[in-house]
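Below you'll find the structure, written out as structure tokens, and then a few comments.
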Amino acid sequence: MEEEREVRILLVDDERLVRRSMEKTLLRAGYDVESAGEVREALEIFRQAEEDGEPFDIAVLDLHMPNFEGVDDPNAGLELLSRLVAIAPTLPVVVLTAFDEVRRAKEAVTRGARAYFVKGREAGLIELIEEILS
């Protein structure tokens, strides 16, 4: 009997406390979570997982964080989204956003994100991930 593989999630957010909180919620829900605090690290983790034959099933990305040059950028998550989808075109991506950034989150969806999620209601994030993966 084949063992069911855990769902692998790449979580990217530069706010440590937010990242920790989401990570705990996702781990409790039974997911295998790898997290990164910035886009370069996230891209490296993602590429390594692809090379190792252990790709991520879904990515959860913050929009506003330092970009690939290390400069604070409200669109850093969009750039990371574009790079991840270039590597794995079928990768479902959920974009995390503050409540006042919904317009930009909708732009992320037009760029290939599967959905966006307003931070702060972690239980709803689990439901959204399960819906996307089912």
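Details
- Peptide packing for 85-91, 105-111 was compared via the average number of neighbouring C-beta atoms within 10 Å per residue; ordered from the highest value, the list is 105-111, 85-91.
- Length added when fully stretched, Leu27-Ser82, from 0.36 nm per residue minus Cα-Cα: 17.2 nm
- Loop trypsin sites (Lys or Arg not before Pro), region 33-96, which have at most 14 other Cβ atoms in a 10 Å radius of their Cβ (DSSP): none
- Listing Phe68, Phe56, Phe117 from fewest to most neighbouring C-beta atoms within 10 Å gives Phe68, Phe117, Phe56.
- Cα-based Rg and Dmax for region 61-134, where Dmax is the largest Cα-Cα distance (Å): 12.0, 37
- Taking every DSSP bridge with both residues inside the chain, close to 10 percent are antiparallel.
- Cα-Cα pairs of the chain separated by more than 25 Å (percent): 17
- Length added when fully stretched, Arg40-Ala98, from 0.36 nm per residue minus Cα-Cα: 18.7 nm
- Take the Cα of Leu133, step 7 Å toward its Cβ, do the same at Val109, and the gap between the two points is 2.2 nm.
No value in this document is a laboratory result; all are computed from the given coordinates. These numbers were taken from a predicted model, which means no experiment stands behind them. Virtual Cβ from ideal backbone geometry, glycine too; neighbours counted across all protein chains shown.
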